[in-house]
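Heads up: the structure comes next, in structure tokens.
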Amino acid sequence: MDRRWSFAADYLKKQESESRLRTLTSVSCCPEPGRIVAGGRELINLASNDYLGLKSDPRLATAAAEAASRWGAGAAGSRLICGNTELHERLESELARFHHCPAALLFSSGYAAGVGIIPALVGRRDRLYLDRLCHASLYDGAILSGASLRRFRHRDTAHLEQLLHKDRDKGGRALVATDTVFSMDGDRAPLSELARICREHSALFLADEAHAVGVLGPEGRGLAAEAGLEADQVLVMGTLGKAFGVAGAYIAAGSEMREYFVNTCRSFIFSTAAPPPVVAAVSAALEIVRTAGDRRKRLARLAQRFRAHLKGLGVDTLDSSSQIVPALVGEVEKTLELAAKLRSEGIFAPAIRPPTVPEGSCRIRFSLSAALTEEDFEHALEAVSRVLA
């Protein structure tokens with residue numbers, strides 16, 4: 001190999017020697033809800049973000065097929081060129097009504113939303129305050145923005161206030177951003193207190209509801225809705241590839257903010273529009289999400305039972321209070337060993353290692369879904385007891 005490219009091989013060797021090499025796992029469709037086929041074996045899926053079990057709902061597949069037949073498989077251009085269909089505009093209106101706010105804007109993915117929205121809100125003369133455990137898309141958006149970045153301790157509102165107070169005489173805009181449910185810990189941000197702090201310090205507030213929307217809050221509208229926050233108090237970012245079971249993301253905001261993002265958000269301006277079949281499937285999913293109260297209640301019960309079971313085994317689940325339940329292990333090798341043992345017991349729950357989580361906090365991340373049958377859930381509890389006790 002030409003030595004110019006040797007850095008790649010060197011990096012891969014180092015990652016492998018430290019048990020941090022990431023590889024792709026090929027999975028296949030499984031007709032059974034809450035299951036996955038990996039490595040030719042059918043496993044109980046405790047790693048999925050399909051929280052309400054909508055991914056395989058035939059109503060979504062029908063809507064996608066009909067849209068593909070009428071509109072084609074792709075959008076063939078960005079929204080500002082020729083990719084803006086009535087399907088996109090209708091879905092945005094539906095999402096705005098869902099969130100009880102004036103407007104919404106679609107993005108191709110949650111990552112695209114995160115890396116695009118933050119640079120549209122703040123720049124070099126501004127300040128940005130992120131919870132230490134915010135999603136990578138928000139941190140990457142922070143880097144792209146060029147704003148002065150302050151990281152406040154996880155869910156520590158007093159620390160945030162200290163930072164804002166220290167910067168009170170500095171010019172420019174201030175933006176505070178947080179996940180509402182943290183993807184690796186499963187805990188919740190103190191949104192009401194954060195909103196109060198932002199109001200008192202004249203800071204903009206962005207809440208990433210990726211793991212909350214569809215699952216938590218009234219009608220599954222997320223934790224911002226549960227806290228009673230309006231569009232003039234918080235910008236709500238949601239994803240459509242988790243509880244909605246499809247793909248994409250959106251921002252729910254005021255009408256002027258929507259138009260502002262259309263004109264300033266580079267990940268929106270320079271991306272091909274979401275394919276019409278995807279948009280139609282999301283619209284079908286949204287109708288189900290509105291009335292999925294029974295699924296949400298069952299998911300909450302499963303998560304509570306699973307969390308209590310782990311705690312009974314002496315496993316640290318951090319401050320999880322959602323459908324995401326981590327089992328803290330610590331060391332990389334031990335975490336990989338436990339994940340392999342779970343797989344041998346028929347449970348798909350991969351090991352989570354740095355850099356996804358901080359050093360020394362490797363874990364098995366269990367992600368519950370309403371698609372799990374009672375029989376599979378009981379088997380999972382038994383398997384976890386044998387492996388993690």
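The values are calculated or read from the model by the stated rules, or taken from the named source; none is laboratory data. Keep in mind that what you see is a predicted model, and the values were worked out from it rather than measured. Neighbour counts run over all protein chains shown; Cβ positions are idealised from the backbone, glycine included.
The residue list Ser48, Ser26 contains one member that is polar (S, T, N, Q), within 19 Å of Leu342 (Cα to Cα) and over 21 Å from the mean Cα position of the chain (by Cα), which is Ser26. When only residues in the range 1-51 that are of a type in the set (Phe, Trp, Tyr) and surrounded by 10 or more Cβ atoms within 10 Å (Cβ to Cβ) count, which is nearest to Gly245 (Cα to Cα)? Here the answer is Tyr51. Take the conditions acidic (Asp, Glu) and either part of a helix (DSSP H, G or I) or within 25 Å of Thr239 (Cβ to Cβ) (or both) and apply them to Glu287. Does it pass? Here the answer is yes, as Glu287 does meet what is asked.
Suppose we keep only residues that are of a type in the set (S, T, N, Q) and within 27 Å of Ala189 (Cβ to Cβ) within the range 310-344. Which one would you say is surrounded by the most Cβ atoms within 10 Å (Cβ to Cβ)? This residue is Gln323. Within the range 33-62, the set of residues being β-branched (Val, Ile, Thr), part of a strand (DSSP E or B) and at pLDDT 95 or above comprises just one member, Ile44.
On the stretch given as the range 191-216, residues that are part of a loop (DSSP other than H, G, I, E, B) and surrounded by fewer than 19 Cβ atoms within 10 Å (Cβ to Cβ) total 2. Among the residues of the range 105-129, those that are in a strand (DSSP E or B) and buried (at least 22 other Cβ atoms within 10 Å of the Cβ) comprise Leu105, Leu106, Phe107, Leu128, Tyr129. Ile347 passes every criterion in (1) buried (at least 18 other Cβ atoms within 10 Å of the Cβ); (2) farther than 14 Å from Leu43 by Cβ; (3) β-branched (Val, Ile, Thr) apart from (2). Does the range 83-96 contain any residue that is hydroxyl-bearing (Ser, Thr, Tyr), modelled with pLDDT of 95 or more and part of a loop (DSSP other than H, G, I, E, B)? Yes, there is a match, as at least one residue in the range 83-96 is hydroxyl-bearing (Ser, Thr, Tyr), modelled with pLDDT of 95 or more and part of a loop (DSSP other than H, G, I, E, B). Among the residues of the range 306-335, those identified as modelled with pLDDT of 95 or more and aliphatic (A, V, I, L, M) are Ala308, Leu310, Leu313, Val315, Leu318, Ile324, Val325, Ala327, Leu328, Val329. All conditions in (1) outside any helix (DSSP H, G or I); (2) under 23 Å from Ala113 (Cα atoms) hold for Gly314, with the sole exception of (2).
I'd like the residue in the range 132-185 that is of a type in the set (Gly, Ala, Ser) and in a loop (DSSP other than H, G, I, E, B) and, out of all such residues, is farthest from Ala203 (Cα to Cα). Within the range 132-185, the match that is farthest from Ala203 (Cα to Cα) is Ser183. Screening Ala67 on (1) of a type in the set (Gly, Ala, Ser); (2) within 25 Å of the chain's Cα centre (by Cα); (3) at pLDDT 95 or above shows it passes everything except condition (2).
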